[in-house]
Amino acid sequence: MLFKIIFPALFLTGVYFLIKSIGRIVQVYAGPKIEFPARTGSSQLKIDQSGDYEIAYKRPSLTGVIPTNCEFKLTEDADQRELKVISSVNLLGMRKDMSGNRVVPVASFKIERPGTYTLCTTESAGFKEGDKLLITTKSGTKGFWAILAIAISGIATIAGLVLSILAFLNKF
């Protein structure tokens, strides 16, 4: 009798947290994005909010090495002040988009006030045709934890459903 209460509760709890974690991952990755070809030497960026941002390398293939030897120079257009860009590859932030492109964060920077900025990149020998740079708000390890939460809540949902069915069929 206790199993007929516990297992449906596990199922409902798993569904609840599955919906919450899917909402969280959408919140992490669906923010404003600026995208431009990686082979361009410089690009104008209009950033509307202050905060931490990341520069991600977007490649339309599933295999191959992502170039990480790029150097970035970010200057504010208003007073030509150069901002610090920290080059660091975040493999926990690696993801794939809906088109199958691989997105790997390769650098990060902090914006203190909204405005127009110019991002200059060094051309790398590893750049291929179709590669792009993507500027987004910094996700850090939030995406990794959201995916882990989806996996755990999905397992709890499936286990709760299967065990509920077995409990109601008196297989325990």
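Residues of the range 126-172 that are more than 15 Å from Phe3 (Cα to Cα) and in a loop (DSSP other than H, G, I, E, B): Gly126, Phe127, Lys128, Glu129, Gly130, Asp131, Lys138, Ser139, Gly140, Thr141. Of all the listed residues (Tyr16, Tyr53, Tyr57, Tyr29), the sole one being at pLDDT below 85 and out of contact with any Cys (no Cβ under 7 Å at 6 or more places or on another chain) is Tyr29. Among the residues making up the range 1-55, those that are among the β-branched types (Val, Ile, Thr) and without any contact (Cβ under 8 Å) to a residue 12 or more places away in the chain are Ile5, Ile6, Ile19, Val26. Can you tell which of Ile47, Ile55 is over 12 Å from the mean Cα position of the chain (by Cα) and farther than 30 Å from Ile165 by Cα? Just one listed residue meets the conditions, Ile47. Selection of the range 25-41 for residues being under 14 Å from Cys120 (Cα atoms) and loosely packed, with under 12 Cβ neighbours inside 10 Å yields only Gly41. For the range 75-120, the candidate set comprises residues that are of a type in the set (Val, Ile, Thr) and in contact (Cβ under 8 Å) with a residue 40 or more places away in the chain; within that set, the residue that is nearest to Ser42 (Cα to Cα) is Thr118.
The values are calculated or read from the model by the stated rules, or taken from the named source; none is laboratory data. Note that this is a predicted model, so its numbers are computed, not measured. When we count neighbours, we look across all protein chains shown, and the Cβ atoms used for this are built from the backbone with ideal geometry, even at glycine.
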